[in-house]
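Comments concern the structure below.
A short reminder: the numbers here are calculations on the coordinates, not readings from a lab. Since we're looking at a predicted model, the values are computed, not measured. Glycine gets a Cβ as well: all are built from the backbone with ideal geometry, and neighbour counts include every protein chain shown.
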Amino acid sequence: MSKRNLSFVCQNCGAAFSRWQGKCEACGEWNTLSEEGGDRSGGPGRKPGRGRLFALEALAGEAHDAPRLSCGIAELDRVTGGGFVRGSVLLVGGDPGIGKSTLLIQATAAMARAGHRTVYISGEEAVAQVRLRAERLGLRDCNVELAAETAVEDIIATLSEGTTPRLVVIDSIQTMWTDMVESAPGTVTQVRGSAQALIRFAKKSGAAVILVGHVTKDGQIAGPRVVEHMVDAVLAFEGEGSHQFRILRAVKNRFGPTDEIGVFEMTGAGLREVPNPSELFLSERDLGQPGTAVFAGIEGTRPLLVEIQALVAPTSLGTPRRAVVGWDPNRLSMVLAVLEAHCGVRLGGHDVYLNVAGGMRIQEPAGDLAAAAALVSSLANAPLPSDAVYFGEVSLSGAVRPVAQAASRLKEAAKLGFKGAVVPEAARSERSEPGLTVNEVGSLARLVADIAAAGKARMAAKTGGQYG
Ligand code: TYD
Ligand code: MG
């Protein structure tokens, strides 16, 4: 290997440098550069010399729908957009212990049951360990082919023999290594090289390949963000360690939508699908407590009701604390600023904690109104009606803006027995759910006044009951 080929590659972002330095100039991380050999191959089967000519085609040519293969797990199919696409490569990322291996052994088993050839390659566990897990899941008799291997060339050679497998799981991409790259296993270059080889195999053979990727502390798929760009779809497996709920979310998908989620529950017998997640997320509510509001959200095409919990308490610190789980801290700051500026709610002397129940993560701005309601409810010590849902976006001017799919949010609320909904002043036609009283609020100030009035009435009733 010539000296010129040597380079130092940042293990965090993949940037290459000609000499070692303490800090990566590309991503700003310290101590992430490590020495790696270059890529020996210039590409698949390339000889140096003149390029080969190829025919260009018209855009107006015939198009084929991506041939899909349902895996038999409805929540997983929903996230992939209707099943695994042949010849596509999927990256599944998630914290260690979240259940990636469990989900994928269940998926391979389900496909094997449907009569397809499926292969599960583990680079982390011995075959006996994988068998043990399968036994626990009651999948012992499924026709899944197993191997504990890490050499990519050997894996591809083996898979190319006989009938092409329909589904290949590589658990995990970080443990794979290829001869084509002269770096230690686990380095960015190795991971990238191995992923490239496996992607080439998928495209050539038509097998669907799933790569498992670990996630770093800050939530990125470890080392190679580059792999995220190379694959067709990236699924993130999320969940709080203490909760049994797991959410599979499409982060990127070349063949389908990216806003769908699949909801699972980790049980003693593996992952169980949760077809009706609203019921699950609302199953452990503290009814009648101040500081909780039910948000009627939408995840992809599916409405989802979740509880938002807030605690506003006088602070003993110079700078009050703002802590938020499951929601964007920037949106919390914004809602707090709007409450201060337009609604006369002073929060400068209060710590603010906000939590989305059940380990769910809310990403849509429609959650603003529910969060604001929970915050004001906690501050005023006035419980919100427990049978009401909230949704709406709060703008910086203090107005409550309409959001998409109001009708399906209201429908879900009515279905789960809610009696009221606090919503933006929106399309009036979308308010006809039987048994659901829709209360329109045009501004956040209006909502705050309503909650405060309810709180005062409650106090009066209480003292009246005590002394009267
Ligand atoms: P695993 O799939 O090994 O996680 P990953 O591959 O993402 O690291 O799941 C490990 C966790 O799941 C472990 O803490 C035990 C738990 N688990 C169950 O609760 N029930 C089960 O049936 C199985 C197989 C695992
Ligand atoms: Mg695993």
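Things to note:
- Estimated from the Cβ-Cβ distance and a Förster radius of 45 angstrom, the FRET efficiency linking Ala128 and Leu396 is about 0.15.
- Cβ-Cβ FRET estimate between Ala404 and Thr315, R0 fixed at 35 Å, reported to 0.05: 0.45
- Computed FRET value (nearest 0.05) for Ala337 with Ala453, which takes r as the C-beta separation and R₀ as 30 Å: 0.80
- Helical runs (DSSP H, four residues minimum) scored at -39500 (n - 2.57) apiece and divided by the length of the chain put the mean residue ellipticity at 222 nm at -8500 deg cm²/dmol.
- Amide H contacts of Val169 (H built 1.01 Å from N, under 5 Å, at least 5 apart or other chain): Val119, Tyr120, Ile121, Ile210
- Tensor-based shape of the stretch 77-234 (alpha-carbon gyration tensor, a/c under 1.5 rounded, otherwise prolate or oblate): rounded
- Among Phe255, Phe295, Phe264, a tally of other beta-carbon atoms within 10 Å of each Cβ gives an order, fewest to most, of Phe255, Phe264, Phe295.
- Here the Karplus curve 6.51 cos²θ - 1.76 cosθ + 1.60, taken at θ = phi - 60°, turns the phi angles of the stretch 359-365 into couplings of x, 7, 10, 8, 10, 8, x Hz, with x standing for Gly and Pro.
- Helix 368-380 axis, angle to the chain major axis (alpha carbon atoms, nearest 10°): 50
- On Cα atoms only, tilt of 100-113 relative to the major axis of the chain in degrees: 70
- The relative contact order of the chain, computed from alpha carbon pairs under 8 Å that lie at least 6 residues apart in sequence, is 12 percent.
- By the count of other C-beta atoms within 10 Å, a proxy for reagent exposure, Leu336, Leu248 are ordered fewest to most as Leu336, Leu248.
- Relative to the globular-protein estimate of 2.2 N^0.38 Å, the Cα radius of gyration of the stretch 147-277 stands at 1.14.
- Between helix 406-415 and the chain: long-axis angle, C-alpha atoms, 0 to 90°, nearest 10: 80
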